[in-house]
Amino acid sequence: MGILNDDAVVIKESGDNTLITVNCPDKTGLGCDLCRIILLFGLSIAKGDVSTDGKWCYLVFWVVGKQTTRWDLLRERLLKVCPPCTPAMLEMFYFLPEFQQPKPPKVFLLKFWCTFDRKGLLHDVTKVLCELELTVKRVKVFTAPDGTVMDLLFVTDTRELLHTKNRQDETKSQLNAILGENMISFEIELAGHEVIATPQGSAFLPPAITDDMLGLEFVGTHMDGALISDCVSITVDNDLSPSHTVVHIVCQDHKGLIYDIMRTLKDYNIQISYGRFSAKPKERYEVDLFIMQADGRKIVDTEKQNILCSRLRMELVRPLRVEVTSRGPDTELFVANPAELAGKGRPLVFYDITLAITSLNIRIFSVEIARHKIHDREWEVYRLLLDEGDVALVPRSKIKECVVKNLMGW
């Protein structure tokens, strides 16, 4: 146990990919937390191996990076979710989720007025916030009749420095560089208690959205096959290992696939003792997992097996829900994704949505991001009202297809 915490994460070049190794004490949901950060940095996992003896774990990810990837910052963020490498902490972290949840970050309100609403403005703002490591929790955007825009963005700061003048000046400077003279005013303040205490959305969701789009049932025949992952195969084997249930998954690859699997297992408090996953030809992905319940036993109950497989299948077929509907005479884009039980939402969703809308040359009239509890599950719901003049030139089916493909990385 003499490995220093600074050596727990190592990143180096490995052929066409970048190799990330994590060697640290284990904790429930560590794989999910690591995969979430990798997804947050816009990286895809080409293959990986994970193993643990119940106290210490070793994880290897071969990731496809970008020229702009900030590897030092990625390593710093990965280290932050690894448990401390001290013997006294080993017994505390494993299988004790109550000790793993950090103190909720402070929520800040970014409020600014602009003199015009140009196409792509919101995406440019979102891109700057991502580069600053500011996570957008909720958004409200309003376009006034005179064309001025008010943006209300509730954010948290990964660096936990937004309360300082230097950090606020940095944020204002970066946004000014994008908005220039068109920024009328800009303010940063700590969000009110009512925002933090009631993250649930107050806006009414149409029954067609809550029943069809956010339904938990697997209804593949009701979905457009071109816009979903297909041919998901999940098999369970209790004979291959004397101490573990083996789950074999073959499915279509998509952005954040390993995160979706890890998130699901974390929510069910399932432990992964060994896992191997890799991308295959023709955009297929293959995953083998040796798992057990929190009590250290196999999953022998058939009903529990069916529930887990059903949820995994749903998350791999429909990790996000997208719909383009009418709100009176206007067109509204709905995007929803399930939040982790720990409260975290899927990273970069808003960035990918605004990128897709900008690529279609459509102006965003208003936005609301909020949490909604539906079917005893918390969803992060994005509602974007699109400029009707621009939408008239683009079929709704094309809008949906573009957003889905951008979110799924297809």
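The values are calculated or read from the model by the stated rules, or taken from the named source; none is laboratory data. As the structure is a prediction and not an experimental result, all values here were calculated from the model. So basically every Cβ, Gly included, is an ideal-geometry build from the backbone, and we count neighbours across all protein chains shown.
How about the stretch 306-351: which of its residues are β-branched (Val, Ile, Thr) and either in contact (Cβ under 8 Å) with a residue 60 or more places away in the chain or surrounded by 19 or more Cβ atoms within 10 Å (Cβ to Cβ) (or both)? Step through it out loud before you land on a result.
Applying the first criterion (β-branched (Val, Ile, Thr)) to the stretch 306-351 yields 307, 317, 322, 324-325, 331, 335, 349.
Scanning the stretch 306-351 gives 317, 322, 324, 325, 331, 335, 349.
Okay, residues lined up against (1) in contact with a strand residue (DSSP E or B) (Cβ under 8 Å, 6 or more places away or on another chain); (2) at pLDDT 90 or above; (3) crowded, with 18+ Cβ neighbours inside 10 Å; (4) more than 23 Å from residue 39 (Cα to Cα):
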site	(1), (2), (3), (4)
64	yes, yes, no, no
79	yes, yes, no, no
88	no, no, no, yes
97	no, no, no, no
110	yes, yes, yes, yes
114	yes, no, yes, yes
122	yes, no, yes, no
126	yes, yes, yes, no
137	yes, no, yes, no
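Each row is one residue, and each column tells you yes or no for (1) part of a helix (DSSP H, G or I); (2) farther than 17 Å from residue 123 by Cα; (3) in contact with a strand residue (DSSP E or B) (Cβ under 6 Å, 6 or more places away or on another chain).
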residue	(1), (2), (3)
307	yes, yes, no
316	yes, yes, yes
341	no, yes, no
354	yes, no, no
362	no, no, yes
365	no, no, yes
379	no, yes, yes
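Please count how many residues of the stretch 303-334 are closer than 30 Å to residue 291 by Cβ, among the acidic types (Asp, Glu) and within 25 Å of the chain's Cα centre (by Cα).
Looking only at that region, the number is 1.
Could you list all residues from the stretch 56-85 that are in contact (Cβ under 8 Å) with a residue 40 or more places away in the chain, farther than 17 Å from residue 259 by Cβ and among the basic types (Lys, Arg)?
Answer for the stretch 56-85, where residues must be in contact (Cβ under 8 Å) with a residue 40 or more places away in the chain, farther than 17 Å from residue 259 by Cβ and among the basic types (Lys, Arg): just 75.
If only one of 301, 267 is touching a Leu at 6+ places or on another chain (Cβ under 7 Å), among the acidic types (Asp, Glu) and outside the structural domain of residue 399 (by TED's automatic domain parsing), which one is it? Let's see the steps before the verdict.
Values: 301 fails: touching a Leu at 6+ places or on another chain (Cβ under 7 Å).
Of the residues listed, the single one that is touching a Leu at 6+ places or on another chain (Cβ under 7 Å), among the acidic types (Asp, Glu) and outside the structural domain of residue 399 (by TED's automatic domain parsing) is 267.
Given the stretch 107-198, what strands (runs of 3 or more DSSP E) lie entirely inside it while holding 3 or more residues that are in contact (Cβ under 8 Å) with a residue 12 or more places away in the chain and aliphatic (A, V, I, L, M)? Step through it out loud before you land on a result.
Numbers: elements: 108-114, 134-143, 149-157, 183-190.
Result: 134-143, 149-157, 183-190.
Only one of 376, 387 is without any contact (Cβ under 8 Å) to a residue 40 or more places away in the chain and touching a Phe, Trp or Tyr at 6+ places or on another chain (Cβ under 6 Å); which? Explain how you work it out, then say what you get.
Working: 376 fails: touching a Phe, Trp or Tyr at 6+ places or on another chain (Cβ under 6 Å).
Of 376, 387, the one residue that is without any contact (Cβ under 8 Å) to a residue 40 or more places away in the chain and touching a Phe, Trp or Tyr at 6+ places or on another chain (Cβ under 6 Å) is 387.
Answer yes or no: is there a residue in the stretch 266-279 that is among the acidic types (Asp, Glu), out of contact with any helix residue (DSSP H, G or I) (no Cβ under 6 Å at 6 or more places or on another chain) and either in a strand (DSSP E or B) or over 30 Å from residue 17 (Cβ atoms) (or both). Before you say what the answer is, go through the steps one by one.
Within the stretch 266-279, the first condition is being among the acidic types (Asp, Glu), and the residues that meet it are 267.
Among the residues that remain, those that are also out of contact with any helix residue (DSSP H, G or I) (no Cβ under 6 Å at 6 or more places or on another chain) are: 267.
Restricting the remaining residues to those that are either in a strand (DSSP E or B) or over 30 Å from residue 17 (Cβ atoms) (or both) gives none.
So far as the stretch 266-279 goes, no, none of its residues is among the acidic types (Asp, Glu), out of contact with any helix residue (DSSP H, G or I) (no Cβ under 6 Å at 6 or more places or on another chain) and either in a strand (DSSP E or B) or over 30 Å from residue 17 (Cβ atoms) (or both).
Residues that are closer than 26 Å to residue 294 by Cα: list the strands (runs of 3 or more DSSP E) wholly contained in the stretch 1-77 that include at least 3 such residues. Give the steps one after another, and end with the answer.
Details: elements: 9-14, 17-25, 44-52, 56-64.
Per the criteria, 17-25, 44-52, 56-64.
Answer yes or no as to whether residue 160 is within 22 Å of the chain's Cα centre (by Cα), among the acidic types (Asp, Glu), closer than 26 Å to residue 386 by Cα and not assigned by TED's automatic domain parsing to the domain that holds residue 347. Break it down into steps so the answer makes sense when it comes.
Details: within 22 Å of the chain's Cα centre (by Cα): yes; among the acidic types (Asp, Glu): yes; closer than 26 Å to residue 386 by Cα: no; not assigned by TED's automatic domain parsing to the domain that holds residue 347: yes.
It is false that residue 160 is within 22 Å of the chain's Cα centre (by Cα), among the acidic types (Asp, Glu), closer than 26 Å to residue 386 by Cα and not assigned by TED's automatic domain parsing to the domain that holds residue 347.
With the checklist (1) in a strand (DSSP E or B); (2) over 19 Å from residue 155 (Cβ atoms) in hand, flag the one item residue 402 doesn't pass.
(1)
Could you check the stretch 231-263 and list, in sequence order, the residues that are under 19 Å from the mean Cα position of the chain (by Cα) and either among the polar types (S, T, N, Q) or in the same structural domain as residue 407 (by TED's automatic domain parsing) (or both)?
Filtering the stretch 231-263 down to residues under 19 Å from the mean Cα position of the chain (by Cα) leaves 252-263.
Answer for the stretch 231-263, where residues must be under 19 Å from the mean Cα position of the chain (by Cα) and either among the polar types (S, T, N, Q) or in the same structural domain as residue 407 (by TED's automatic domain parsing) (or both): just 252.
Going by what's in this entry, would residue 240 be described as under 19 Å from residue 301 (Cβ atoms) and either of a type in the set (Phe, Trp, Tyr) or outside any helix (DSSP H, G or I) (or both)?
Working: under 19 Å from residue 301 (Cβ atoms): yes; either of a type in the set (Phe, Trp, Tyr) or outside any helix (DSSP H, G or I) (or both): yes.
So residue 240 fits the description; yes.
Residue under question is residue 69, and the condition is that it be at pLDDT 85 or above and either under 25 Å from residue 342 (Cα atoms) or not assigned by TED's automatic domain parsing to the domain that holds residue 159 (or both); does it hold?
Values: at pLDDT 85 or above: yes; either under 25 Å from residue 342 (Cα atoms) or not assigned by TED's automatic domain parsing to the domain that holds residue 159 (or both): yes.
Here the answer is yes, as residue 69 does meet what is asked.
Before we move on, is residue 369 β-branched (Val, Ile, Thr), within 11 Å of residue 331 (Cα to Cα) and either modelled with pLDDT of 85 or more or outside any strand (DSSP E or B) (or both)? Break it down into steps so the answer makes sense when it comes.
Numbers: β-branched (Val, Ile, Thr): yes; within 11 Å of residue 331 (Cα to Cα): no; either modelled with pLDDT of 85 or more or outside any strand (DSSP E or B) (or both): yes.
Spelling it out, it is not the case that residue 369 is β-branched (Val, Ile, Thr), within 11 Å of residue 331 (Cα to Cα) and either modelled with pLDDT of 85 or more or outside any strand (DSSP E or B) (or both).
I'd like the full set of residues that are closer than 16 Å to residue 246 by Cβ and among the aromatic types (Phe, Trp, Tyr), limited to the stretch 276-317.
Selection gives 277, 290.
Could you check, for the stretch 283-305, whether at least one of its residues is crowded, with 17+ Cβ neighbours inside 10 Å, in a helix (DSSP H, G or I) and in contact with a strand residue (DSSP E or B) (Cβ under 9 Å, 6 or more places away or on another chain)?
Scanning the stretch 283-305 turns up at least one residue that is crowded, with 17+ Cβ neighbours inside 10 Å, in a helix (DSSP H, G or I) and in contact with a strand residue (DSSP E or B) (Cβ under 9 Å, 6 or more places away or on another chain).
Would you confirm, using the coordinates I've provided, whether residue 60 is within 21 Å of the chain's Cα centre (by Cα) and either closer than 20 Å to residue 158 by Cβ or crowded, with 19+ Cβ neighbours inside 10 Å (or both)?
Details: within 21 Å of the chain's Cα centre (by Cα): yes; either closer than 20 Å to residue 158 by Cβ or crowded, with 19+ Cβ neighbours inside 10 Å (or both): no.
No: the conditions fail for residue 60.
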